[in-house]
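Comments concern the structure below.
The values are calculated or read from the model by the stated rules, or taken from the named source; none is laboratory data. Only a predicted model underlies this, so the values are computations on that prediction, with no experimental measurement involved. Note that each Cβ is placed from the backbone with ideal geometry, even for glycine, and that neighbours are counted across all protein chains shown. Remember, those area values only see protein heavy atoms, side chains included, never the ligands or the DNA or RNA. Shrake-Rupley method; radii C 1.70, N 1.55, O 1.52, S 1.80 Å.
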Amino acid sequence: MSLLLGGALTWVFVRDLEFQGVQDQLDRAVVAATVQVHHEECFTRPAVATNPGVATCRLAYPVDFEDRLNNIVLPTLNGNRLLLLDSGGKVIYDSGGTDMFLTVIPITPSKRVANVGEARAVLGGQPHIVAATRIPPARDPLSAMYVVVAQPQALVAAAAAGELASRLLEAGGAALVVAMLLILLVSRSLTRPLSQLASAAEDIAAGNYSRRVGIRGHDEIGMLGAAFNRMAEALERARKTQRDLLANVSHELETPLTSLIGFSQAMVDGSLVSEIERTRAATIVHEESERVLRMAQELLDLARVESGTISLHITAVDLRGQLEQELETARLRADKRRLELNLVASPDIPPVAADPERLHQILDNLLDNAVKYAAEGTPIQVSTLSNVSGVETIVANATAARKPDPEKIFDRFYRADPSRSATAGGVGLGLSISRELAAAMRGRLWADFDEAGNLRLHLLLPAAARPATQPGPAPAPALSSKS
């Protein structure tokens, strides 16, 4: 389409230029023809010498004026047509001999050449380009007023078309070759990275999650390659997490299931003779069954939270009262390891917007983690503070020799000390679930160490507005519980 439009516009421009060039040639030709016509007039009129010594037209012998025009003037016009017009613009002589006394040619002055007129006329049924000059009246036998030189437009158009066609073919061929080369380069630049992406996608579908593409750049293809690599990395991490989860679940289930099978088999085959042995076996079976059930429940909770299908009933919860209940629940476990539980909470701490059941689950996991992994005989401090971000609860405790990684402590089945975790009976999912629950309640859970090296778990929840009719709680001192 571009070539066709360009060719059409070029044809119009070239044709106009060709017509203009022919018009200029005719303007010059008519001036020369006028001189010759004036010269031939002298041979058809008597020579009159009114002033001695002044050159006048000399007549050797009478010669027909039109014959002299046909035989002498016309051959000098290079095939152009010669006409003479009277004062009204009517043709009185035509070298073509077809429009005598029938055609009137309106002459308009030329804007480029002085004393020359121009026109477009139909002569012999064909359009012509016309140039004319005025001659003195009554100088020739025909009483002509204008000398006209004309050329058919068809000849001009044919010449222009022949020359233009060859040039357009050459230019079109060159443009076509260049366009094909550009199309080839562009198609290769597009298809090569797309083929690479398709091949990488097939590899990932086949299980090669480490496959990446080497597509770089700031254009759309480069952005697509970068997005593909990010997707592949996320997929590889998800696959690794899935494999680790399966491996950890299998490992965690192996110990309790082995105990369940061993002790239940001993109870069945009668190898446990004494009542003490049977009681101990039943207790172990019960504890290991609870451990398997707890892990199944935690895995189910984690899956529900991550998929967004868990139901939450957000309401205003008295955080101080909730913490006091949680500390009372954890005190018996803390006493077994000689741990000191301290609560530092302001009496005017605002309520938090949370689901009461899920908040209990989070706080129980935080305190359970502190009681299980704090150094024996050390204090565990629970404090609260309120700021513009919400209400923050901090559980701080001293750690054993092997400190946990605060960045990985919320990973599934993370163990800072695997041997200690086994004796403590933890599954390694409580903190992972707590972080997801906190995020579901528009809160945040993170870990760090204070200046003394104590591990701190931070729970930030949005504050809930107090009801206007609800009186504020009475001042109460900070609670300190020591085992």
- Message: On the basis of being closer than 13 Å to Leu437 by Cα and loosely packed, with under 13 Cβ neighbours inside 10 Å, does Ser271 make the cut?
- Response: no
- Restrict the check to region 242-263 and report whether at least one residue is in a helix (DSSP H, G or I), more than 30 Å from Leu302 (Cα to Cα) and open to solvent by 70 Å² or more (accessible area, probe 1.4 Å). no
- Residues located in region 370-406, provided they are at pLDDT 90 or above, surrounded by fewer than 18 Cβ atoms within 10 Å (Cβ to Cβ) and of a type in the set (A, V, I, L, M): Leu385
- Would you mind telling me which numbered condition in (1) among the hydrophobic types (A, V, I, L, M, F, W, C); (2) closer than 18 Å to Met441 by Cβ; (3) open to solvent by less than 50 Å² (accessible area, probe 1.4 Å) Ala334 fails? (2)
- Restricting attention to region 51-83, and to residues there that are out of contact with any strand residue (DSSP E or B) (no Cβ under 6 Å at 6 or more places or on another chain) and of a type in the set (Lys, Arg), which single residue is modelled with the lowest pLDDT? Arg58
- Could you say whether any residue in region 388-397 is polar (S, T, N, Q), free of Cβ contacts under 8 Å to residues at least 60 places away in the same chain, in a strand (DSSP E or B) and in contact with a helix residue (DSSP H, G or I) (Cβ under 6 Å, 6 or more places away or on another chain)? yes
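Among the residues in region 203-214, are any in a helix (DSSP H, G or I) and open to solvent by 90 Å² or more (accessible area, probe 1.4 Å)? First the steps, then the outcome.
The initial filter retains those residues of region 203-214 that are in a helix (DSSP H, G or I), namely 203-205.
Among the residues that remain, those that are also open to solvent by 90 Å² or more (accessible area, probe 1.4 Å) are: none.
Scanning region 203-214 turns up no residue that is in a helix (DSSP H, G or I) and open to solvent by 90 Å² or more (accessible area, probe 1.4 Å).
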- Keeping to region 313-346, report how many residues are modelled with pLDDT of 90 or more and within 18 Å of Ala463 (Cβ to Cβ). 11
- Query: How many residues are part of a strand (DSSP E or B) and of a type in the set (A, V, I, L, M, F, W, C) if we restrict to region 330-346?
  - Reply: 3
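Being in a strand (DSSP E or B) and either of a type in the set (Lys, Arg) or closer than 26 Å to Ala375 by Cα (or both): is that true of Leu327 here?
Details: in a strand (DSSP E or B): no; either of a type in the set (Lys, Arg) or closer than 26 Å to Ala375 by Cα (or both): yes.
So Leu327 does not fit the description; no.
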- Index of the failed condition, Asn229 passing every other in (1) touching a Phe, Trp or Tyr at 6+ places or on another chain (Cβ under 8 Å); (2) assigned to a helix (DSSP H, G or I): (1)
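Of the residues in region 112-137, how many are in a loop (DSSP other than H, G, I, E, B) and either in contact with a His (Cβ under 8 Å, 6 or more places away or on another chain) or open to solvent by 10 Å² or more (accessible area, probe 1.4 Å) (or both)? Working first, answer last.
Residues of region 112-137 that are in a loop (DSSP other than H, G, I, E, B), as a first pass: 112-116, 124-125, 135-137.
Retained after the next criterion (residues that are either in contact with a His (Cβ under 8 Å, 6 or more places away or on another chain) or open to solvent by 10 Å² or more (accessible area, probe 1.4 Å) (or both)): 112-115, 124-125, 135-137.
Going through region 112-137 one residue at a time, the tally reaches 9.
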- Item | Within region 293-323, tally of residues that are outside any loop (DSSP other than H, G, I, E, B) and surrounded by fewer than 17 Cβ atoms within 10 Å (Cβ to Cβ) | 11
- Item | Candidates Ile362, Ile409, Ile349, filtered to the one that is closer than 12 Å to Leu461 by Cβ, open to solvent by less than 20 Å² (accessible area, probe 1.4 Å) and part of a loop (DSSP other than H, G, I, E, B) | Ile349
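For Val186, indicate whether it is at negative phi, open to solvent by 60 Å² or more (accessible area, probe 1.4 Å), modelled with pLDDT of 80 or more and not polar (S, T, N, Q). Break it down stepwise before answering.
Working: at negative phi: yes; open to solvent by 60 Å² or more (accessible area, probe 1.4 Å): yes; modelled with pLDDT of 80 or more: yes; not polar (S, T, N, Q): yes.
So Val186 passes the test.
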